[in-house]
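> Could you have a look at this structure, given as structure tokens, before my questions?
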Amino acid sequence: VLVESLLVFTIVLSVHAVVWDRFSWCTVALAVQAFYVQFKWDRLLQLGGAVFQFRGAANSGLLPASMVIPLLGVVMKERCRAAGIVYFERFGVVVASTGMLLALFLSILAVGITKPVPTNTCILTGIAGSIIVYTMKHSLTVSEVIEVLEVLLIFVYLSMILLYLLPRCFTPGEALLVLGGVSFVLNQLIKRSLNVIEGRGDPIDFFLLVAVVGVVLLGLFFTVLFIFLDSGTWISSMFFHMMTAVLGLGVIMPWLYRLIQRNPLFWLLQFLFQTQTRLYLLVYWTFLAASACGVVFYQNSKRSSESKKHQASTITRKYFHFIVVATYVPGLIYDRQLLYIAAVLCLAVFIFLEYVRYFRIKPFGQTLRHLLSLFLDERDSGPLILTHIYLLLGMSLPVWLFPRSCAPKGTLPGAGALVPYSGVLAVGVGDTAASVFGSTMGEIKWPGTKKTFEGTMTAIFAQIIAVALILIFDSSVNLNSSYAWILASVSLVSLLEAYTTQIDNLLLPLYLQIMLMA
């Protein structure tokens, strides 16, 4: 925990060495108090006094999670200010303020339920809170303050509902990232739905907002419904499919129509088949999806023939990382908008299939349970299987969060040109290389972890080679001699992978994106 915290502090100070403004004081104060509060959360988790049931075999992860959203907002604000885009500069300010307030709320919650009351930690939390509130008072307009408070309110209610319904699925830090992100998306969708102006906004952005909110509302609806019904019967399964169609065609499609001012299905079909390059990419991705399914069926056939207790090895699970890299790299090079939409659709399909598995919806629910149980690891300790969804999110978030409006030529200058590749570098290349080489050839272990020195060094080296290949094949990338910063960023994130107990598929791409955008 100490080394993980040291790495996070190094990243925070590195970012603010480049981007120093009034929010820097807030972020540093938030990091210091989160470091102390993290130990209170860890103690609560060990004693079972944390109100909700969180994921075991991991620390609270409060410090690394608390820094992600504020740092993203700060670097986005600076990039958009440099580009002269005032609207998105203010949006970055709102993102940073929202992240700080959500993290502060989680800290206050931990301090409030710790007995006896930790006096020193309370004082630190109070000082950090005062600095944040003072800065927000002098940085935000009234409408922006209301927006931040709306996200906080949504986060509180979502946390109470989802953490109760889904025990042992998240650590406090993961809950902050996932539920904070969903809360922000829901608030943005409500805000844009109430202020629709024809022709304003990119339709692909609305697809992401509606897809995320739609699948979350769908899950909440069926979770409440199946409290009173047995979800494993044919009648319940038919009702599930029927209501999914009703909600999709009767709520989500009209909602999208209102936002983009055209038929969503016709727009999507026209978008997907607009150019020949997109047709080639879709055919190629279909082949890769079939290959991934083939790996699942082949590994399950081996389990049937060898032993019922057979579990997929680490190297076998990394096959999917190779497939995902092969999926994303051509999309990033040839058509990022298509990759954006395809990732949104894939996320919706993944979450829908997880609902089918979790609720045992016929005819595929039990089959999915059997097929996916082979690939479980210690992080899937709750009722949901989330690792494959986290892998998709880790690869997609740098694409979704890339500030396209603040990049006049479609790319950012210097190291920022690699921002959309953050997921490919951190998870697809770095994490895969560290896992494969560390588990097969690693001998020198980092103190206090199972990760090896050889695995981490291989991850750094593999990412440097990947950057060189990106420079060769993607003509839009121009690093402008920012090689030392890229090496430092890759090294810090690889070391963080060795020491963090959080979901690395989610955390590492976001930190690499922050460093590259700074």
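The values are calculated or read from the model by the stated rules, or taken from the named source; none is laboratory data. What you are looking at is a predicted structure, and each value in this text was computed from that prediction instead of being measured. When we count neighbours, we look across all protein chains shown, and the Cβ atoms used for this are built from the backbone with ideal geometry, even at glycine. All accessible areas refer to the heavy atoms of the entire protein, side chains included, with ligands and DNA or RNA removed. Shrake-Rupley method; radii C 1.70, N 1.55, O 1.52, S 1.80 Å.
> What net charge do the residues around Ile361 carry, taking every other residue with its C-beta under 15 Å from that of Ile361, with Lys and Arg at +1 and Asp and Glu at -1?
+2
> While we're here: Using only the C-alpha atoms of the range 408-487, find the volume of their convex hull and express it per residue in Å³.
96
> I've got another one for you. Could you list the trypsin sites (Lys or Arg not before Pro) in the range 389-445 that lie in coil according to DSSP, counting only those with at most 14 other Cβ atoms within 10 Å of their Cβ?
Filter output for the range 389-445: Lys409.
> Then there is this: Can you tell me what the convex hull of the Cα atoms of the range 252-375 projects to on average, as an area in nm²?
9.4
> At 1.4 Å probe size, put Phe91, Phe240 in order of accessible surface, largest to smallest.
Descending accessible area places them as Phe91, Phe240.
> Roughly how compact is the range 447-518, stated as its Cα Rg over 2.2 N^0.38 Å to two decimals?
Its radius of gyration relative to the 2.2 N^0.38 Å reference: 1.18.
> Please tell me the relative contact order of the range 1-119 in percent, rounded to the nearest whole number, where contacts are Cα pairs under 8 Å and at least six residues apart.
28
> Continuing with this model, one more query. Roughly what % of Cα-Cα distances in the range 76-166 sit above 16 Å, to the whole percent?
So the pairs more than 16 Å apart make up 63 percent of the total in the range 76-166.
> Would you mind computing the Rg to Rh ratio of the range 169-251 from its alpha-carbon coordinates, Kirkwood style for Rh?
So for the range 169-251, dividing Rg by the Kirkwood Rh gives 1.06.
> OK, next. What longest range of the chain stays clear of loop-exposed GluC sites (Glu not before Pro) (DSSP non-H/G/I/E/B, at most 16 other C-beta within 10 angstrom)?
Here the longest segment lacking exposed loop sites spans 1-197.
> Which Cys in the chain stand alone, with every other cysteine's Cβ at 4.7 Å or more from theirs?
Cys26, Cys122, Cys169, Cys293, Cys346
> Let me ask you something else. Might you tell me the accessible area per residue for the chain, computed with a 1.4 Å probe and given in Å²?
45
> Grab the Cα-Cα distance for Leu265 and Phe453, subtract it from 0.36 nm times how many residues apart they are, and report the gain in nm with one decimal.
Once the chain is fully extended between Leu265 and Phe453, it gains 62.7 nm.
> I would also like to ask the following. I need the Kirkwood Rh of the chain: take the reciprocal of the average 1/r across all distinct C-alpha pairs and report it in angstrom.
Hydrodynamic radius (Kirkwood, Cα pairs) of the chain is 23.9 Å.
> Among all helices in the chain defined by DSSP H, which have a length of 27 Å or more along the axis from Cα atoms plus a Kyte-Doolittle mean of at least 0.0?
The answer, listed by residue number, is 22-47, 62-83, 86-113, 119-139, 142-165, 172-194, 203-228, 276-306, 314-334, 336-358, 453-473.
> With a 1.4 Å probe and all protein chains in place, put Tyr298, Tyr284, Tyr340 in order of accessible area, largest first.
Correct descending sequence by accessible area is Tyr298, Tyr284, Tyr340.
> What percent do you get for the relative contact order of the range 151-273 when only Cα pairs under 8 Å and 6+ apart count?
In percent, rounded to a whole number, it is 28.
> Using a 7 Å offset from the Cα along the Cα-to-Cβ direction at both Gln46 and Val142, what is the distance between the two label points in nm, to one decimal?
Each label point lies 7 Å from its Cα, and together they span 4.9 nm.
> Over the chain, what relative contact order in percent results from Cα pairs under 8 Å that are six or more residues apart?
18
> Let me ask another. How big is the dipole moment of the range 80-196 about its Cα centre under a simple scheme where the beta carbon of each Lys and Arg is +1, that of each Asp and Glu is -1, and everything else is neutral? Debye, nearest 20, please.
In debye, rounded to 20, the range 80-196 gives about 40.
> Moving to a separate point now. Contour minus end-to-end for Thr10 and Asn478, with contour as 0.36 nm per residue of separation and end-to-end as the Cα-Cα distance?
Residue separation times 0.36 nm, minus the Cα-Cα distance, leaves 165.9 nm.
> Going by average Cβ density within 10 Å per residue, which order do the peptides 218-227, 503-512 take, highest to lowest?
503-512, 218-227
> Cα centroids of the range 357-387 and the range 1-36: how far apart, whole angstrom?
First find each Cα centre; the distance between them is then 38 Å.
> Report, in deg cm²/dmol and to the nearest 500, the calculated mean residue ellipticity at 222 nm for the chain, where each DSSP H run with n ≥ 4 adds -39500 (n - 2.57) and the sum is divided by the residue count.
One gets -25000 deg cm²/dmol as the mean residue ellipticity at 222 nm.
> Let me ask you something else. Ratio of the range 192-301's C-alpha Rg to 2.2 N^0.38 Å, to two decimals?
Rounded to two decimals, the normalised Rg is 1.39.
> Grab the alpha carbons of the range 331-373, take their convex hull, and tell me the volume per residue in Å³.
76
> To continue, here is another question. Treating only the Cβ of Lys, Arg, Asp and Glu as charged (+1, +1, -1, -1), what charge dipole size does the chain show about its Cα centre? Round to the nearest 20 debye.
In debye, rounded to 20, the chain gives about 560.
> Could the peptides 178-189, 419-430, 341-352 be put in order, highest first, of the mean number of other beta-carbon atoms found within 10 Å of their residues?
Peptide ranking by packing, descending: 419-430, 178-189, 341-352.
> Sticking with this one: Calculate, in nm to one decimal, what Leu471 and Tyr298 gain on full extension: separation in residues at 0.36 nm each, minus their alpha carbon distance.
58.7 nm
> I've got another one for you. Report in % the part of the accessible area of the chain that belongs to carbon and sulfur, leaving out ligands and nucleic acids; probe 1.4 Å.
70
> Show the residues, 5+ positions off or on another chain, whose built amide H is closer than 5 Å to the amide H of Lys445.
Those qualifying (amide H under 5 Å, at least 5 residues apart or on another chain) are Phe453.
> Something else now. Give the total of Lys-Lys pairs in the range 308-440 with Cα-Cα distances below 27 Å; include a pair only if its members are 8 or more places apart or on different chains.
Lysine pair count for the range 308-440: 4.
> Keeping all protein chains in the complex and leaving out DNA, RNA and ligands, what accessible area do you get for Phe105 with a 1.4 Å probe, in Å² to the nearest 10?
70
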